[in-house]
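The values are calculated or read from the model by the stated rules, or taken from the named source; none is laboratory data. Quick caveat: nothing in here was measured; it's all calculated off a predicted structure. We place every Cβ from the backbone using ideal geometry, glycine too, and count neighbours over all the protein chains shown. Note: areas computed on protein heavy atoms with side chains; ligands, DNA, RNA excluded. Shrake-Rupley method; radii C 1.70, N 1.55, O 1.52, S 1.80 Å.
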Amino acid sequence: MTDTIRPQPGILDIALYVAGDSKVAGVDRPLKLSSNENPFGPSPAAIEAFRAAAGSLHRYPSSDHAGLRAAIGAVHGLDADRIICGAGSDEVITLLCQAYAGPGDEIIHTEHGFLMYRISALGAGARPVAVPERERVVDVDEILAAVTPRTRLVFLANPANPTGTMLPEAELARLADRLAPGVLVVLDGAYAEYAAICDGAVALATTRPNVVVTRTFSKLHGLGGLRIGWGYGPRAVIDVLNRLRAPFNLSTAQLDAAEAAVRDRAHAAFGVAENARLRAWLAERLRALGLGCDTSQANFVLARFADAAAAAACDAALRGQGIIVRGVAAYGLAHCLRITVGTEADCARLVAAVAAHLGAGGA
Ligand SMILES: *Cc1c(COP(=O)(O)O)cnc(C)c1O
């Protein structure tokens, strides 16, 4: 009986996404450094806008998101007609896969790439293709070598999660310009604001017919709980995605809070500056403790241990201290732990706990 009711091919190949842990048994308020959340929370103006939206819950929200798109366009210097908003950038990624790939098609992501690319590819019935990275850095030549006549989309995050590494804009341009016609490259800029070396590639998406960027309110803007993201790209692509998008995919509370958040540039600038300062300190302390740590352009660092067992032991020791970091075995990095940059006090507490563990012979 049950095997006559079957989902579309590919769906059962999806491994359920496991979010960053938020609980430790017996600990009241653990220090959560597992989901790259902004330790300072959202702009007070965003919280106020969210509260104010309670007064109009009986009204349908805007379906064209004109207010939010105009705000994003003004702040980032972009044409608002080329922006689409979604319930997190996850939704924009899903729409891209559904619109541009299906059974028989291939979607390229990289070795340690964000798991949502594979999930969304399978959800569209397409085949996800993983290409190698070079020492935790995306390799444009490997991507180009993996392209076949069936390739429809290439996903890469810049800065990447969970490695924190990044390609310069010239490399992204080389990728876009060498890809076969008909292959769309999606540059996931979830951490773009935190990067010192690239502007989030919006210039590329402005000038190339085959480049889309995605962005989110979940990280720097501190609104992960509210689910808002956006994409920017060629008008024709945005038009296609809008046809597929549910008309009321974002609530009034989401739209209003996001608009207030993007307009609060001082709050964003503070978050970027604190992150840059503490990210450098954290990486330096971890290296001083003998751990490998690439230079991160995001709001987390990836600590490398001798092997998977050493990483797991440190993870367990941190949990014992009420600190939750992210094991990244699902990303092919079982010997690493991803650690979100918290406040100065959070970072100090994390480093002290790692040092105590390693000093006790935990290396
Ligand atoms: C966190 C993250 C996102 C954001 O997803 P939302 O759905 O916008 O919360 C997108 N891409 C990457 C690589 C991320 O790490």
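Let's see if you can work this out: charge +1 on each Lys and Arg Cβ, -1 on each Asp and Glu Cβ, no other charges. What is the dipole magnitude of the range 1-86 about its Cα centre, in debye to the nearest 20?
220 debye
I'd like to check one number: the per residue accessible area of the chain, probe 1.4 Å, reported in Å² as a whole number.
Values: 15680 Å² over 363 residues.
Roughly 43 Å² per residue, with all protein chains present.
Averaging over every viewing direction, what projected area does the convex hull of the Cα atoms of the chain cover, in nm²?
For the chain, the mean projected area of the Cα convex hull comes to 19.8 nm².
Express in nm, to one decimal, how much length is gained between ALA288 and ALA45 on full extension, taking 0.36 nm for each residue of separation and deducting their alpha carbon distance. Could you put the intermediate results ahead of the total?
On the way: separation 243, 0.36 × 243 = 87.48 nm, distance 3.98 nm.
Length gained between ALA288 and ALA45: 83.5 nm.
Is there a quick way to get the dipole size of the chain? I mean about its Cα centre, with the Cβ of Lys and Arg at +1 and of Asp and Glu at -1; what is the value in debye to the nearest 20?
400 debye
Please check the chain for the longest run free of trypsin sites (Lys or Arg not before Pro) that are loop-located per DSSP (anything but H, G, I, E, B) and have at most 10 other Cβ atoms within 10 Å.
After excluding every exposed loop site, the longest remaining stretch is 60-363.
Looking at the range 96-246 only, what percent of DSSP beta bridges run antiparallel? Nearest 5 please. All intermediate terms of the calculation are to be shown ahead of the outcome.
Details: 5 of 22 bridges.
Antiparallel: roughly 25 percent of the beta bridges in the range 96-246.
Once amide H atoms are placed 1.01 Å from N in the peptide plane, what residues at a sequence separation of 5 or more from PHE40, or on another chain, have their amide H within under 5 Å of its amide H?
none
Calculate the length of the line joining the C-alpha centroid of the range 214-276 to that of the range 1-50, in whole Å.
18 Å
With θ set to phi - 60°, apply the Karplus curve 6.51 cos²θ - 1.76 cosθ + 1.60 along the range 285-299 and write out the HN-Hα couplings as whole Hz, x wherever there is a Gly or Pro.
5, 5, 5, 5, 8, x, 8, x, 7, 5, 5, 9, 9, 10, 10
Nearest 5 percent is fine: what portion of the DSSP beta bridges confined to the chain is antiparallel?
50 percent
Mind listing the phi-derived Karplus ³J(HN,Hα) values for the range 8-18, rounded to whole Hz, using 6.51, -1.76 and 1.60 with θ = phi - 60°, and x for any glycine or proline?
Karplus values, whole Hz, x for Gly and Pro: 4, x, x, 4, 6, 7, 6, 7, 3, 5, 9.
Convert 25 °C to kelvin, take the viscosity as 0.890 mPa s, use the Kirkwood radius over C-alpha pairs of the range 32-95 as Rh, and evaluate the Stokes-Einstein diffusion coefficient in µm²/s, rounded to a whole number.
171 µm²/s
Long-range amide H contacts for VAL129: which residues qualify at under 5 Å (H placed 1.01 Å from N, peptide plane, sequence gap of 5 or more or a different chain)?
ILE107, ILE108, HIS109
Jot down the radius of gyration and Dmax of the range 264-349, Cα atoms only, both in angstrom.
Rg then Dmax for the range 264-349, in Å: 13.4, 44.
Go through the range 102-169 and name the GluC sites (Glu not before Pro) that are in a DSSP coil and have 14 or fewer other Cβ atoms within 10 Å of their Cβ.
Listed in order of number, the matching sites are GLU135.
Search the structure for amide H atoms under 5 Å from the amide H of ALA157, placed 1.01 Å from N in the peptide plane, and list their residues when 5 or more places away or on another chain.
Sorted by chain and number, the residues that satisfy this are PHE114, ASP188.
Rounded to a whole number of µm²/s, how large is the Stokes-Einstein D of the range 161-254 at 20 °C and 1.002 mPa s, given Rh as the Kirkwood radius over C-alpha pairs?
My calculation gives 147 µm²/s for D.
Can you tell which of GLY88, LEU184, PRO61 lies farthest toward the positive end of the dipole of the range 44-264, using +1 and -1 charges on the Cβ of basic and acidic side chains (Lys, Arg; Asp, Glu)?
Result: PRO61, furthest along the dipole toward the positive end.
Spin-label point model (7 Å from Cα, Cβ direction): what's the LYS23 to ALA269 distance in nm?
Spacing of the two 7 Å Cα→Cβ label points: 4.2 nm.
Can you run phi through the Karplus equation (6.51, -1.76, 1.60; θ = phi - 60°) for the range 220-232 and list ³J(HN,Hα) in whole Hz, with x for Gly and Pro?
4, 7, x, 10, x, x, 9, 6, 9, x, 8, x, 9
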